[in-house]
């Protein structure tokens, strides 16, 4: 019989209520911002389309809708605590695009201020996003459900 000590791995860091609160707050705040900006892609479509045309993106009309769906869907997933790390990764890529295309490329201040802040938040959530989320408790709930179903 071997005696091994288990320490939290990088993928499953130990959790504390304070960490859970911070992560939840960041998820909700970022989620709300993404949902609001995503809705703007539909509500102010003409203005957004004009901006996307200036960015020289392929198919600017489709790009506006695609980014809008990504931001609304990703923001809702963040706020709801579902697929947090996947949503944060997709939204981090979105923010890198915003920083490069409209921030550096066009000098738009929101893409040089808010977008980098959101990028940092997404990197944080990629690392710690499971804390305080439904994602973290889901495996245990599924196991319990399977046991009850099998009995």
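Bear in mind that the values in this text are calculations on the coordinates, not laboratory data. Just so we're clear, the structure is a prediction, and the values are computed from it rather than from any experiment. Positions of Cβ are generated from backbone atoms using ideal geometry, with glycine treated the same way; all protein chains shown enter the neighbour counts.
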Open item on the list: Test of understanding: what is the full-extension gain from residue 127 to residue 149, defined as 0.36 nm times their sequence separation minus their Cα-Cα distance?
Closed with: 4.6 nm
Open item on the list: I'd like the FRET efficiency for residue 50 and residue 93, computed as 1/(1 + (r/R0)^6) with the beta carbon distance as r and R0 of 22 Å, rounded to 0.05.
Closed with: 0.40
Task: Alpha-carbon centroid distance for the pair region 96-116 / region 23-40, whole angstrom - done: 18 Å
TODO: Provide the descending list of Cα extents for region 45-151 along its principal axes, expressed in whole angstroms.
DONE: 61, 25, 17
Task: region 83-124: radius of gyration over Cα atoms, expressed as a fraction of 2.2 N^0.38 Å - done: 1.11
